[in-house]
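Read through the structure below, which is laid out as structure tokens, and then see the notes.
The values are calculated or read from the model by the stated rules, or taken from the named source; none is laboratory data. No experiment lies behind these values; they were computed from the predicted model shown. In this analysis, Cβ positions are derived from the backbone assuming ideal geometry, glycine residues included, and neighbour counts consider all displayed protein chains.
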Amino acid sequence: MIKFKNMFKKYILPLFLSFLITFSAAFIGSAFTSKSIANWYQFLNKPSFAPPNWLFAPVWTILFLMMAIAVFLVWQKRKAIPIKTALILYLVQLILNAFWSVIFFGFRNPALAFFEIIVLWLLILFTLMNFYKINKIAGFLFLPYLLWVSFATILNLSIWLLNEATR
């Protein structure tokens, strides 16, 4: 019983909280995204490199899964080294991640979303660097996220410019 209690406290609960916090941001973002896909986003002018709509959900699910594991790995180092800055960066970038969907899909404002995603990209980079210092695997788990948001930034800018010209 004591062994399970220690395992629960050390691994199971922190892993559960990592997933809960991370996927809360995913849920908030998807609530705004799903409402706008069929009645707004599909009618926007998009560049030729825009992926099909069905691709976004699995990609983001994998990225959020990797983020949750990364923050769990960082949390596991809390007694050995300071992790406060890394956790603050993680939470702020997670909030900005959800807020991008609110701006782009909820407010239907690709211009403002573009400027927000630039800040998000920087925070992802800083989080990745901080995570890497604490746990190399956690840092590497953030790399696909940074690459996808780099692509999303270019896509966001393209959509903004293509649709600004038609106004």
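Values as computed for the structure displayed
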read-out	value
Subset of the range 1-36 (residues that are small (Gly, Ala, Ser), under 15 Å from the mean Cα position of the chain (by Cα) and surrounded by fewer than 15 Cβ atoms within 10 Å (Cβ to Cβ))	Ser24, Ala31
Total residues in the range 15-70, condition closer than 18 Å to Thr153 by Cβ and of a type in the set (Ser, Thr, Tyr)	3
Some residue of the range 43-62 being over 21 Å from Val149 (Cβ atoms) and either exposed (fewer than 14 other Cβ atoms within 10 Å of the Cβ) or hydrophobic (A, V, I, L, M, F, W, C) (or both)	yes
Pairs with Cβ under 6 Å, 6+ apart, first in the range 143-167 and more than 17 Å from Thr61 (Cβ to Cβ), second exposed (fewer than 14 other Cβ atoms within 10 Å of the Cβ) and of a type outside the set (Phe, Trp, Tyr)	Ser158/Pro47; Leu162/Asn45; Asn163/Asn45
Residue in the range 86-105 that is part of a loop (DSSP other than H, G, I, E, B) and either in contact with a helix residue (DSSP H, G or I) (Cβ under 9 Å, 6 or more places away or on another chain) or at pLDDT 95 or above (or both) present	no
Spans of helices (runs of 4 or more DSSP H) in the range 1-85 with at least 1 residues modelled with pLDDT of 95 or more and aliphatic (A, V, I, L, M)	13-37, 53-75
Considering residues of the range 112-167 that are assigned to a helix (DSSP H, G or I) and among the hydroxyl-bearing types (Ser, Thr, Tyr) only, the residue farthest from Val71 (Cα to Cα)	Ser158
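Residue-wise test of (1) under 19 Å from Ile154 (Cα atoms); (2) exposed (fewer than 15 other Cβ atoms within 10 Å of the Cβ).
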| residue | (1), (2) |
| --- | --- |
| Ile103 | yes, no |
| Phe114 | yes, no |
| Leu128 | no, no |
| Ile137 | no, yes |
| Leu141 | no, no |
